[in-house]
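J.: Okay, handing you the structure first.
Here, each number is a calculation from the coordinates, and none is a lab measurement. If you're wondering where the values come from, they're calculated on a predicted model, not measured in any experiment. Positions of Cβ are generated from backbone atoms using ideal geometry, with glycine treated the same way; all protein chains shown enter the neighbour counts.
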Amino acid sequence: MPRVMSIRAWLAVTALLLVLGATGCAASSPAEMAPVPAEMAEVRQEYVMEAPAAGGEYAVVAPAPDLTRKVIANARIELVVADTEAVVRRIEGLVDGLGGYVSNANLYKGSYGGADLLRGMLTLRVPAQSLETAMDALEEMALDTRSRSIDRQDVTDQYSDVEAQLRNLEATENELRELLAEVRARPNATPEDILAVHRSLTEVRGQIEQLQGRKNVMDNQIALSTIDVTLTPDAATRPVVEEKWRPVAALRDASRALVSALQFLGDLAIWVLVFIVPIMLVFLIPLAIVVWVVRALVQRRRRKRANQPT
């Protein structure tokens, strides 16, 4: 049990040193500051000591801020083109030349201006420094630009926070590795001692991998901007002067009209036979019976009158 308690105490001291190194306590003088481990040298070097003030104390000055901003840019552009397929090929060549790629393409034919024309959407990934160049080149490929927008999001603070957490966790991981090696080297070390350090090391490694994955995603979004391109065919690409007589088209239209007329007549016949005739029979049969009875009575009365003597 004393051995386990000493390991926990060592872990607590290590964590305390990491926190003090990251925050840079400004109240201690050089003579009173505790020695910093070699793994924390990088963190400690981020701060510089200012010349002694009038009171004879040193002041800790934070380093100059990094002026490199981390920006994620997303752009959207809607183009009116004469030939969608040709423009798609030109866009692919443009993106390859800039060092990017087409991440998504959705092309389809739809009715536009009385004809089936190709239209669609493309998602492009281009280097961030070439975003404006790519947008200008896309506009040059189009007959008209319906809309164009660029959205930039500054993620410098988030990126710096992730980097700081990674540095601290990596320093903690190095300390734990050294502690694990020290515990294993002890002749009287128990499996519980080794497992306690190993569990802490595994947890720290998992946090490092999660932060590294998040940093990789941000690096990709920062390095490559996204452009959503909408391609719409232009109705003006149709000839200004319509073509002359087209017998095949006229024959097709006449055939469609004939088929429609025959379908209408067939539907009308079905309605007459199935709906109208039964309805008429329901009303006509009683009426025919009444007429027949009336006629029979009239004829019978006439015969009686004819048989009576004058």
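J.: Which far-off residues, 5 or more places away or on another chain, put their amide H under 5 Å from the one on Val71, with H placed in the peptide plane?
T.: For Val71, the qualifying residues are Val155.
J.: So, one more: Quick one: order Ile91, Ile222, Ile150 by neighbouring beta-carbon count within 10 Å, fewest to most.
T.: Ile150, Ile222, Ile91
J.: Which cross-chain or sequence-distant (5 or more) residues have an amide H under 5 Å from the amide H of Ser225, H modelled 1.01 Å from N in plane?
T.: Residues meeting the criterion, in which the H sits 1.01 Å from N, are Val126, Ala128.
J.: Which order do Tyr159, Tyr108, Tyr101 fall in if you start with the one that has the fewest other Cβ atoms within 10 Å?
T.: Lowest count first: Tyr108, Tyr101, Tyr159.
J.: Would you mind computing, in nm to one decimal, how far apart the modelled labels at Ala257 and Ser147 are, each placed 7 Å from Cα along Cα→Cβ?
T.: Here the answer is 4.2 nm between the modelled labels.
J.: Suppose each label sits 7 Å from its Cα in the direction of the beta carbon; what would the Arg186-Val102 distance come out to in nanometres?
T.: 6.4
J.: What translational diffusion coefficient, in µm²/s and rounded to a whole number, does the Stokes-Einstein relation yield for the range 66-242 at 4 °C and a viscosity of 1.567 mPa s, taking the hydrodynamic radius as the Kirkwood radius over Cα pairs?
T.: Result for D is 64 µm²/s.
J.: Order of Asp234, Asp144 from fewest to most other C-beta atoms within 10 Å?
T.: Ordered from fewest to most neighbouring Cβ atoms within 10 Å, Asp234, Asp144 come out as Asp144, Asp234.
J.: Any idea how far apart Ala306 and Leu166 come out in nm if each label point goes 7 Å out from Cα toward Cβ?
T.: Roughly 12.2 nm, to one decimal.
J.: Residue by residue through the range 142-159, what is 3J(HN,Hα) from phi via Karplus (6.51 cos²θ - 1.76 cosθ + 1.60, θ = phi - 60°)? Round to whole Hz and write x for glycine and proline.
T.: 9, 6, 7, 10, 6, 7, 8, 8, 10, 10, 10, 10, 7, 10, 4, 5, 5, 5
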